[in-house]
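**Student:** My structure is below; once you've seen it, I'll send some questions.
The values are calculated or read from the model by the stated rules, or taken from the named source; none is laboratory data. All values derive from a computational prediction rather than experimental measurement. Ideal geometry is used to build each Cβ from the backbone, glycine not excepted, and the neighbour counts take in all protein chains shown.
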Amino acid sequence: MWVGIAIAILGYLSLFYIVLSPFSFRWRALFQDYNIPEGYSILGIDVSHHQGKIDWEKVTAGNVNGTPVSFAFIKATEGVGLIDPNFNYNFYEARENGLIRGAYHFFIPGASARKQADFFCNQVQLEDGDMPPVLDIEKQGNLTDAQLRKTVLEWLKLVEQHYGVKPIIYTYINFRQYILNTADFDDYYFWIAHYYVNEPRGDFSWRFWQSTDRGKLSGIRGFVDLDIYNGSMYDLRQITYKDRK
C-alpha cells in the first residue's frame, strides 16, 4: 500500500513540474501576486491609450509589492500617421510626477521607414533625463528576415541622427534570437518581452525586460505591463537623453 501511495505522490509532483510549473508565474500574475524578480530592484511600466486615463500621482505614490515605479515607456506613434491619443497627457504627467519617461514608436513593416522616422521625430520632443527613443518591432509583415533588418536599421539610424542618441529596441525574445541577431544590432540596448520566466532566455544581452502583461498598479484601471531595468539607478540615469542644443 505504501509503495502505491509513494508512486502516486511522485506522479503528482512530476505532473506539477512538467505541466503546471512553467505557468506558475502566469498564475501569480493573474492573482496579483507579482514580485519583482530576484536580483533586480528597478521597476517600470509601459502604457498607451489602452490603459485609459492614468492617475500618475497615484502611480508614483503606489508600488508593486513594496517596489515603487521608477520609469515609464509611453506609446507615441504608430506607422506614418497614428498618434496615440493619450501620448501628450501621459508624457507630460509622467515627468511632472518624477518618473524617468520614454517614448516609443510602433513599427509597421510595410510602411516607409523614413516616413515613420520623420513622423516620430516630428511628434516627440525629448528633454534632458528622458529615455532614448524606442522602436517597438513586433511584426514581420510580408518582409523577409533580411528586408526587415534593413528597414529597421534605416529607422534606427535616421532617429539616431535626429536625436544624437542610439534608440532602444523593444521586441519579443524570438525576434531578437532569430531575426535581429546580426552584428548590426549589437550596439543597441534591447528591451525584451518574455513573460512568466525567471529571466529572459537567450544568448544575448538586454537592458530592459517586460516581464509580465498582467501587472496591477494604483492609478491604472485593469492590467499594465511591468518592466525591469537590468542595472542600477545610476546606470539608468547614465543612458538617458542629454540635450545637446
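**Student:** Name the residue that is modelled with the lowest pLDDT, counting only residues in segment 202-220 that are assigned to a loop (DSSP other than H, G, I, E, B) and either outside the structural domain of GLY164 (by TED's automatic domain parsing) or out of contact with any helix residue (DSSP H, G or I) (no Cβ under 7 Å at 6 or more places or on another chain) (or both).
**Tutor:** ASP203
**Student:** If I ask for residues that are polar (S, T, N, Q) and at pLDDT 95 or above, which ones from segment 148-180 would you list?
**Tutor:** THR151, GLN161, THR171
**Student:** Still on this structure, I have one more. Which of the following residues is without any contact (Cβ under 8 Å) to a residue 60 or more places away in the chain and assigned to a strand (DSSP E or B): PHE175, PHE190?
**Tutor:** PHE190
**Student:** Moving on to the next point. Scan segment 157-165 and give yes if some residue there is under 24 Å from VAL124 (Cβ atoms), in contact with a Cys (Cβ under 6 Å, 6 or more places away or on another chain), in a helix (DSSP H, G or I) and in the same structural domain as GLU127 (by TED's automatic domain parsing), otherwise no.
**Tutor:** yes
**Student:** Inspect all residues belonging to segment 226-239 and state whether any of them is closer than 25 Å to ASP118 by Cα, surrounded by fewer than 18 Cβ atoms within 10 Å (Cβ to Cβ) and in contact (Cβ under 8 Å) with a residue 24 or more places away in the chain.
**Tutor:** Looking through segment 226-239, at least one residue is closer than 25 Å to ASP118 by Cα, surrounded by fewer than 18 Cβ atoms within 10 Å (Cβ to Cβ) and in contact (Cβ under 8 Å) with a residue 24 or more places away in the chain.
**Student:** Further question on the same structure: Would you confirm whether any residue within segment 71-78 is assigned by TED's automatic domain parsing to the domain that holds ILE220, farther than 30 Å from ASN35 by Cα, touching a Phe, Trp or Tyr at 6+ places or on another chain (Cβ under 8 Å) and at pLDDT 95 or above?
**Tutor:** yes
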